[in-house]
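What follows is a single structure, written as structure tokens, with notes after it.
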Amino acid sequence: MKKAVILYASVHHKNTEKVVNYIASAIDADVIDLLKNRNPSIEQYELIILASGIYFGSFHKVLLEYMKATSFEGKNVIVLYTCGIPYRNYAKSSEKILRENNANYISAFHCRGYDTYGPFGKIGGIAKNHPSQQDMNRLLHNVRISADNIL
């Protein structure tokens, strides 16, 4: 039985998927793509990592729906996200949802991700070459510190 699982939604440039696969291999976590499996069980896991790109200023709709519909009773939860411009805390609303669903909310971490949405596409995108190896190493470091007592 694995102790950790990463549930994620990643669409456009697969920024979040890159980060998720990197972290999962380093901490030996299972990975579930919520776009393919919208209602996975988390019963057997001690640590749940929820990950998404930012779409229109929010997490992917599928991830938000999963958070709202799932009881996280007794589960430790970390949130990860990728975004073109990290000018605000995109995880704030998800923290509220998770706490309302009885999660032991640990923290949220983010890194930049290549973004060509809307006007950014006209200029060739922003945050090119992100997530970089340095971005992924920083996220992994933060996840390991936060999950140290769990895993």
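Say we look at region 105-134 and pick out the residues that are in contact with a helix residue (DSSP H, G or I) (Cβ under 6 Å, 6 or more places away or on another chain) and either in a strand (DSSP E or B) or modelled with pLDDT of 95 or more (or both); which of these is least open to solvent (accessible area, probe 1.4 Å)?
That would be CYS111.
Looking only at residues that are open to solvent by less than 20 Å² (accessible area, probe 1.4 Å) and in contact with a helix residue (DSSP H, G or I) (Cβ under 9 Å, 6 or more places away or on another chain) in region 11-32, which one is farthest from LYS128 (Cα to Cα)?
Narrowing region 11-32 to residues open to solvent by less than 20 Å² (accessible area, probe 1.4 Å): 15-16, 19-20, 23-24, 29.
Checking the rest, the ones that are also in contact with a helix residue (DSSP H, G or I) (Cβ under 9 Å, 6 or more places away or on another chain) come to 19, 23, 29.
On the way: VAL19: 15, ILE23: 21, ALA29: 28 Å.
Taking the candidates together, the pick is ALA29.
Can you name the condition, by its number, that TYR55 falls short on among (1) more than 20 Å from ASN149 (Cα to Cα); (2) modelled with pLDDT of 95 or more?
So TYR55 meets the others, but not (2).
Considering each of ASN137, ASN102 in turn, give the residue that is open to solvent by 20 Å² or more (accessible area, probe 1.4 Å), at positive phi and at pLDDT 90 or above. Spell out the reasoning first.
On the way: ASN137 fails: at positive phi.
Going through ASN137, ASN102 in turn, the sole match is ASN102.
List every residue pair whose Cβ atoms lie under 6 Å apart, where the two residues are 6 or more positions apart in sequence or sit on different chains, the first residue falls within region 16-37 and is over 14 Å from CYS111 (Cβ atoms), and the second residue, located anywhere, is among the aromatic types (Phe, Trp, Tyr).
Pairs that qualify, where the first residue is over 14 Å from CYS111 (Cβ atoms) and the partner is among the aromatic types (Phe, Trp, Tyr), are LEU34/TYR66.
Considering only residues that are under 22 Å from VAL143 (Cβ atoms) and assigned to a helix (DSSP H, G or I), which ones fall in region 58-98?
Selection gives VAL62, LEU63, LEU64, TYR66, MET67, LYS92, SER93, SER94, GLU95, LYS96, ILE97, LEU98.
Any idea which residue in region 135-151 is nearest to LEU50 (Cα to Cα), counting only those that are out of contact with any Lys or Arg (no Cβ under 7 Å at 6 or more places or on another chain), charged (D, E, K, R) and not in a loop (DSSP other than H, G, I, E, B)?
ARG144
For region 54-91, which positions are under 14 Å from PHE109 (Cβ atoms) and open to solvent by less than 20 Å² (accessible area, probe 1.4 Å)?
Residues satisfying the conditions are PHE59, VAL77, ILE78, VAL79, LEU80, TYR81, THR82, CYS83, TYR90, ALA91.
From the residues in region 30-57 that are part of a strand (DSSP E or B) and of a type in the set (Asp, Glu), which one is nearest to the chain's Cα centre (by Cα)? Before you say what the answer is, go through the steps one by one.
Of the residues in region 30-57, the ones part of a strand (DSSP E or B) are 30-33, 47-55.
Now narrow it down to the ones that are of a type in the set (Asp, Glu): 30, 33.
Details: ASP30: 14, ASP33: 11 Å.
Only one residue fits best here, namely ASP33.
The values are calculated or read from the model by the stated rules, or taken from the named source; none is laboratory data. Source: prediction; values computed, not measured. A quick note on method: Cβ atoms are made from the backbone with ideal geometry, for glycine too, and the neighbour counts reach across all protein chains shown. The area values use the complete protein model at the heavy-atom level, side chains included, leaving out ligands, DNA and RNA. Shrake-Rupley method; radii C 1.70, N 1.55, O 1.52, S 1.80 Å.
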